[in-house]
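Okay, so here's the structure we're looking at.
Rule-based calculations on the coordinates, nothing more; no lab input. As the structure is a computational prediction, the values presented were derived from the model and not from experiment. Neighbour counts run over all protein chains shown; Cβ positions are idealised from the backbone, glycine included.
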């Protein structure tokens, strides 16, 4: 009798497979001033696109497929326009499942080419197309990818890979547990990884206007710099070694764990630190 009951329950769960179709939300705002956009999400994947000036547009899609029994609420998406600010907030539903579930939660946000933007997710990836302005991207547990950002850029990831390329301006980026890679022309550079590698390619035209900093707790640092950069190089590793491929006169001290000296005419400090990882220095041009 018990075997028959379990078999019947299994058939009932399989028969309970359901897909009601995606839920969608859409909103468009017209603006007369520079856009100031804030996106807050739990698990949703946020994709930022470049659009026409004077307009912010958002399309959110939530699609849940499940088999078996499901209990729980519905996602909540809130749009707010406060003075010059636009807020887009997405709340994940709390659900319980006996069986299986496949959830897709995606927000496509289209903003003007020049913008003030802040995106924060709890457990969702962030992708960003080229923008100019003040950009803040933060994820608790998700990858962050951005291309062509220009201006004042700040990126934080708790547990996810960070990939930034073709940047221009000031960059501050941190990841606690993940690989951090970036490339571009920089005036300011501040990079850090708790448990992961840092790879940076500094394009010609970059010159430090203040101290630059690259550091890892448990991972290597690879840095490529232009031949005409003016800086005081201060590179040190606790448990690794330094590999140097710079055909530039370095006036200072060099051993297998420490390199201190001026590049070209000297300038603001380029500070590199690793706890357990090697440092590799080479040219980017």
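Take each of the peptides 84-91, 191-198, 164-171, average the number of other beta-carbon atoms within 10 Å over its residues, and list them starting from the highest.
Working: 84-91: 17.4, 191-198: 21.8, 164-171: 19.4.
Taking the mean over residues of other Cβ atoms within 10 Å, the ranking is 191-198, 164-171, 84-91.
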Debye intensity ratio in log₁₀ form over the Cα atoms of the stretch 27-180, taken at each q of 0.09, 0.12, 0.19 Å⁻¹
-0.30, -0.52, -1.13
Report, in cubic angstrom per residue, the convex hull volume of the C-alpha atoms of the stretch 131-223.
70
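Pairs of Cα atoms under 8 Å, at least six residues apart: use those to get the relative contact order of the stretch 143-285, whole percent. Write out the running numbers ahead of the final one.
Values: 466 pairs, mean separation 28.8, N = 143.
With pairs under 8 Å counted, the relative contact order is 20 percent.
What FRET efficiency would be calculated for the residue pair residue 209, residue 276, taking the C-beta separation as r and a Förster radius of 25 Å, to the nearest 0.05?
Details: r = 31 Å, r/R0 = 1.24.
Efficiency at R0 = 25 Å is approximately 0.20.
Provide the three semi-axes, in whole Å and in decreasing order, of the ellipsoid equivalent to the stretch 143-285 as defined by the square roots of 5 times the Cα gyration tensor eigenvalues.
Details: eigenvalues 101, 70, 24 Å².
Semi-axis lengths for the stretch 143-285 are 22, 19, 11 Å.
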